[in-house]
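What follows draws every value from the coordinates through simple rules; no lab data is involved. Quick caveat: nothing in here was measured; it's all calculated off a predicted structure. So basically every Cβ, Gly included, is an ideal-geometry build from the backbone, and we count neighbours across all protein chains shown.
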Amino acid sequence: MDPHPPMDDAEAQRLLTASAGPRLALIAESFARLTGRPLLADGAVSADAFWTAPLAILAHGTEPDPVFFYGDRLTLELFEVTAHQLLQMPSRLSAESVDRAERARLLDQVTSRGVIEDYAGVRISATGRRFRIERATVWNLIDAAGAVHGQAAAFDAWTRLD
């Protein structure tokens with residue numbers, strides 16, 4: 001149960017954009033640097049472009065148990081969470097407990113390689129609905145000085161499993 005009052009779409013966007021701060025641009029910059037292509041087809045990096053993107057974009061920080069600091073509108077819909085809930089959610093909870101070891105292996109590979117493309121795996125929403133993400137790219141958020149600020153993922157294909 002979310003103790004915060006309901007928010008409209010614009011309020012949720014403002015909260016998540018403020019949470020990401022300069023890391024929002026870093027999500028796009030790191031993606032482009034590691035993959036050689038823009039995250040969004042038109043190369044846009046604005047908060048509005050991210051929010052309305054035709055793909056789920058989400059990112060977590062570098063805490064020992066990383067917590068999401070950004071998710072776009074599609075992310076909130078798929079994971080069935082509010083903006084406040086997402087910002088308090090350890091990213092490990094995006095996978096069922098039986099799938100968390102696989103998710104941890106994936107993140108270790110991303111840490112060492114910088115980026116993994118064409119990832120697929122099962123995720124779970126806050127209400128327990130399972131869905132398989134497909135064609136996901138997962139990458140490190142690394143600034144120009146080489147400092148790591150977390151990891152991000154984006155995907156445009158998913159299948160509801162229940």
Charges only on Cβ, +1 for Lys and Arg, -1 for Asp and Glu: so what's the dipole of the chain about the Cα centre, in debye to the nearest 20? 380 debye
For A49 and H84, what does the FRET efficiency come to when R0 = 30 Å and r is the distance between their Cβ atoms, rounded to the nearest 0.05? 0.85
Calculate the FRET efficiency for R129 and D65 from the Cβ-Cβ distance with a Förster distance of 25 Å, rounded to the nearest 0.05. 0.60
In nm, what is the difference between 0.36 nm times the number of residues separating V148 and E96 and their Cα-Cα distance? 16.1 nm
Cα-based Rg/(2.2 N^0.38 Å) for region 9-160, rounded to two decimals, is 0.94
Only Cα pairs under 8 Å and at least 6 apart count here; give the relative contact order of region 9-160 as a rounded whole percent. 23 percent
By the mean-Cβ-within-10 Å protection proxy, highest first, 17-28, 33-44, 136-147 rank as 17-28, 136-147, 33-44
Per the helix-only calculation at 222 nm, which mean residue ellipticity applies to the chain, given -39500 (n - 2.57) for every DSSP H run of n ≥ 4 and division by its residues, nearest 500 deg cm²/dmol? -10000 deg cm²/dmol
Using the per-residue mean of other Cβ atoms lying within 10 Å as a proxy for protection, in what order, highest first, do the peptides 57-67, 78-88, 120-130 fall? 78-88, 57-67, 120-130
